[in-house]
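A.B. asks: Let me begin by handing over the structure; questions about it come next.
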Amino acid sequence: MEKIQFDYPALHSVPQRVHVGVVGSGDLEVLLEPSADARTHVLVNTSVDGFEATWKNVLDRFFARFQGAVSIEINDFGATPGTVMLRLAQAVEGLRA
Amino acid sequence: MNTDAASRAGYRRFLERHSFIEMNARERVRAVLDPGTLREMLGPFDRIKSPWLPLQGIVAQADDGVVLARGTLDGKPAVIAAIESAYQGGSMGEVSGAKIAAALELALEDCAQGRLILPVLLFETGGVRLQEANLGLAAIAEIHAAIIALRRYVPVVGVIAGMVGCFGGMSLAAALCTHLIVTPQARLGMNGPEVIEQEAGIEEMDAADRGLIWSLIGGEQRFATGFADDLLEDDADAIAAAVRKAFSTAPASAPAPMRSRQVERYRELLRSIDPNQPPDGESLRRLWQPRRMT
């Protein structure tokens, strides 16, 4: 099990928190909240060790497009990068609900 | 009606159904409660999670796999607990078990003071979480005790939709419910088929034989032999309606004896079986009590 943290600049605040997903095989849970300091913080808890570079690629790409100031916790159970992207997109979509 | 029209009508009915089985625990709770009344307690952002799983290299889910919510059913106050089967097989750990037990105990306090809270349990669980061992078992025992105390005041309604089913100590919790709703996809049993195969050998039970498994512990069989009160298709609206009906039709003044109180009757039923010649699902139905689908 590994904990990995990332930080990104942000441009705008978000109105609410959103929860999506489940810590099930090949899936992940995303807890998204407004961040306190106008930056984006991501904490990844993953059951699969040794994929920090892959997480960085996925998250770099996602936060190049989404620039809300959010604090995100990811609880991962071996999700593929595609699934991670979909869950993150789903969480951001939840901000508009 | 010719067969083409009949199959088209069946197809349309199938498409119009909202699958309850395909919903996660939170969606199930939302589907059962009156629209717009859901208020989640100890939700994921409270981060009350298992302290034991990370010590064993397992990532913990923020709500420990149980969704607890207050809301209303036909305008009456209700509390629902739903187990998320995708997380650790819906297993009951210290936290997830305590969440359900505490919700039932608080409902009990309210009911004892004359404020009725309708309790609903949405089961989808393999039973105790082995990684948390006795702590999970203790929580399950508390759930049993709470159901027994609570059902004196108000019906406790359980739902097993599938596809995990309801096993282990939680199968006892389901059996203790005043009213149990199942789908044909549901399974209800103490030991799961995989456990039986592993412990007693494939000659005793072939866990890959789905027809055999469902003929013994599937929803239709459990309903036909009197262990469940409603057998419904996998449809969220039908299940939500059946939950409401279970509360509105339960006899308030002179309740029928609970299944768990009918000890002599079940002893009698067990005596009618020769363990050396175990009956198959069909003959057990004939031997015990025939009932039809609602």
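A.B. asks: Output the residue which, of all residues in the range B:201-244 that are in a helix (DSSP H, G or I), of a type in the set (Gly, Ala, Ser) and out of contact with any Gly (no Cβ under 7 Å at 6 or more places or on another chain), is surrounded by the most Cβ atoms within 10 Å (Cβ to Cβ).
C.D. replies: Selected residue: B:GLY219.
A.B. asks: Exactly one condition in (1) hydrophobic (A, V, I, L, M, F, W, C); (2) free of Cβ contacts under 8 Å to residues at least 60 places away in the same chain; (3) closer than 24 Å to B:HIS144 by Cβ is not met by B:VAL29; state its number.
C.D. replies: The single condition B:VAL29 does not satisfy is (2).
A.B. asks: Any idea which of (1) closer than 19 Å to B:ILE58 by Cα; (2) more than 14 Å from chain B (Cβ to nearest Cβ); (3) touching a His at 6+ places or on another chain (Cβ under 9 Å) is the one A:GLU29 doesn't satisfy?
C.D. replies: (2)
A.B. asks: Hey, could you check the range A:28-46 for residues that are under 21 Å from B:LEU53 (Cβ atoms) and out of contact with any Gly (no Cβ under 6 Å at 6 or more places or on another chain) and say which is surrounded by the fewest Cβ atoms within 10 Å (Cβ to Cβ)? Give the steps one after another, and end with the answer.
C.D. replies: Restricting attention to the range A:28-46, the residues satisfying the condition of being under 21 Å from B:LEU53 (Cβ atoms) are A:28-31, A:43-46.
So of that shortlist, the ones also out of contact with any Gly (no Cβ under 6 Å at 6 or more places or on another chain) come out as A:31, A:43-46.
On the way: A:LEU31: 23, A:LEU43: 14, A:VAL44: 23, A:ASN45: 20, A:THR46: 22.
Applying the filter and picking the extreme gives A:LEU43.
A.B. asks: Let me ask something else about it. Note down all Cβ pairs under 8 Å where the first residue falls in the range A:57-74 and is within 14 Å of another protein chain (Cβ to nearest Cβ) and surrounded by 17 or more Cβ atoms within 10 Å (Cβ to Cβ), the second is of a type in the set (Asp, Glu) and in a strand (DSSP E or B), and they're at least six residues apart or on different chains.
C.D. replies: Between residues of the range A:57-74 that are within 14 Å of another protein chain (Cβ to nearest Cβ) and surrounded by 17 or more Cβ atoms within 10 Å (Cβ to Cβ) and residues that are of a type in the set (Asp, Glu) and in a strand (DSSP E or B), the close pairs are A:VAL70/A:GLU33; A:SER71/A:GLU33; A:ILE72/A:GLU33; A:ILE74/A:GLU29.
A.B. asks: Report, by residue number, each residue of the range B:73-97 that is outside any strand (DSSP E or B) and within 14 Å of chain A (Cβ to nearest Cβ).
C.D. replies: Step one: list which residues in the range B:73-97 are outside any strand (DSSP E or B), which gives B:74-75, B:84-91, B:93-97.
Listed by number, the residues that qualify are B:GLU84, B:SER85, B:ALA86, B:TYR87, B:GLN88, B:GLY89, B:GLY90, B:SER91, B:GLY93, B:VAL95, B:SER96.
A.B. asks: Further, regarding this structure: Consider only pairs whose beta carbons are under 7 Å apart and that are at least six residues apart or on different chains; among these, list those whose first residue lies in the range B:270-283 and is of a type in the set (A, V, I, L, M, F, W, C) and whose second residue is outside any helix (DSSP H, G or I) and surrounded by 10 or more Cβ atoms within 10 Å (Cβ to Cβ).
C.D. replies: Note: pairs meeting the criteria are B:ILE273/B:PRO279.
A.B. asks: Another question, then. I'd like to check something: does the range A:12-26 contain any residue that is assigned to a helix (DSSP H, G or I), in contact with an Asp or Glu (Cβ under 9 Å, 6 or more places away or on another chain), crowded, with 16+ Cβ neighbours inside 10 Å and touching a residue at least 12 places away in the same chain (Cβ under 8 Å)? Steps first, answer last, please.
C.D. replies: From the range A:12-26, those assigned to a helix (DSSP H, G or I) are none; that's our starting set.
Looking through the range A:12-26, none of the residues is assigned to a helix (DSSP H, G or I), in contact with an Asp or Glu (Cβ under 9 Å, 6 or more places away or on another chain), crowded, with 16+ Cβ neighbours inside 10 Å and touching a residue at least 12 places away in the same chain (Cβ under 8 Å).
A.B. asks: Working carefully through the options B:ARG152, B:ARG70, find the one that is among the basic types (Lys, Arg), farther than 17 Å from B:ARG28 by Cα and away from chain A (no Cβ under 14 Å). Let's see the steps before the verdict.
C.D. replies: Numbers: B:ARG70 fails: farther than 17 Å from B:ARG28 by Cα.
Criteria check complete, one pass: B:ARG152.
A.B. asks: Could you list all residues from the range A:75-96 that are away from chain B (no Cβ under 14 Å) and assigned to a helix (DSSP H, G or I)?
C.D. replies: Going residue by residue through the range A:75-96, those that are away from chain B (no Cβ under 14 Å) are A:80-82, A:85-86, A:88-89, A:92-93, A:95-96.
Within the range A:75-96, A:PRO81, A:GLY82, A:MET85, A:LEU86, A:LEU88, A:ALA89, A:VAL92, A:GLU93 meet the criteria.
A.B. asks: Now for a different question. For the range B:169-188, which residues satisfy the criterion of being without any contact (Cβ under 8 Å) to a residue 60 or more places away in the chain and surrounded by fewer than 21 Cβ atoms within 10 Å (Cβ to Cβ)? Walk me through how you get there before you give the answer.
C.D. replies: First, pick out the residues of the range B:169-188 that are without any contact (Cβ under 8 Å) to a residue 60 or more places away in the chain: B:171-174, B:177, B:180, B:182, B:184, B:186-188.
Answer for the range B:169-188, where residues must be without any contact (Cβ under 8 Å) to a residue 60 or more places away in the chain and surrounded by fewer than 21 Cβ atoms within 10 Å (Cβ to Cβ): B:LEU172, B:PRO184.
A.B. asks: Restricting to strands (runs of 3 or more DSSP E) lying wholly in the range B:98-191: which have 2 or more residues that are under 25 Å from B:ALA242 (Cα atoms) and among the charged types (D, E, K, R)? I'd like the intermediate steps shown before the answer.
C.D. replies: Values: elements: B:118-123, B:157-160, B:179-182.
Those strands (runs of 3 or more DSSP E) do not exist here; none qualify.
A.B. asks: Sticking with this one: Take the residues in the range B:80-98 that are surrounded by fewer than 24 Cβ atoms within 10 Å (Cβ to Cβ) and under 18 Å from the mean Cα position of the chain (by Cα); name whichever of them is farthest from A:VAL23 (Cα to Cα).
C.D. replies: Looking only at the range B:80-98, we keep the residues that are surrounded by fewer than 24 Cβ atoms within 10 Å (Cβ to Cβ), and these are B:86, B:89, B:94, B:98.
Add one more test, that the residue is under 18 Å from the mean Cα position of the chain (by Cα), and what stays is B:86, B:89, B:98.
Values: B:ALA86: 7, B:GLY89: 11, B:ALA98: 20 Å.
If we take residues in the range B:80-98 being surrounded by fewer than 24 Cβ atoms within 10 Å (Cβ to Cβ) and under 18 Å from the mean Cα position of the chain (by Cα), then B:ALA98 is farthest from A:VAL23 (Cα to Cα).
A.B. asks: Can you tell me which residue within the range B:105-137, out of those that are of a type in the set (S, T, N, Q) and in contact (Cβ under 8 Å) with a residue 40 or more places away in the chain, is surrounded by the fewest Cβ atoms within 10 Å (Cβ to Cβ)?
C.D. replies: Here is the first cut: in the range B:105-137, the ones of a type in the set (S, T, N, Q) are B:113, B:125, B:131, B:134.
Now narrow it down to the ones that are in contact (Cβ under 8 Å) with a residue 40 or more places away in the chain: B:125, B:131.
Details: B:THR125: 31, B:GLN131: 17.
Among those residues, the one meeting the criterion is B:GLN131.
We did not get these values from a lab; they are worked out from the coordinates using the rules stated. All of these numbers come straight from a predicted model, not from anything done at the bench. Heads up, the Cβs are rebuilt from the backbone with ideal geometry, glycines too, and the neighbour counts pull from every protein chain shown.
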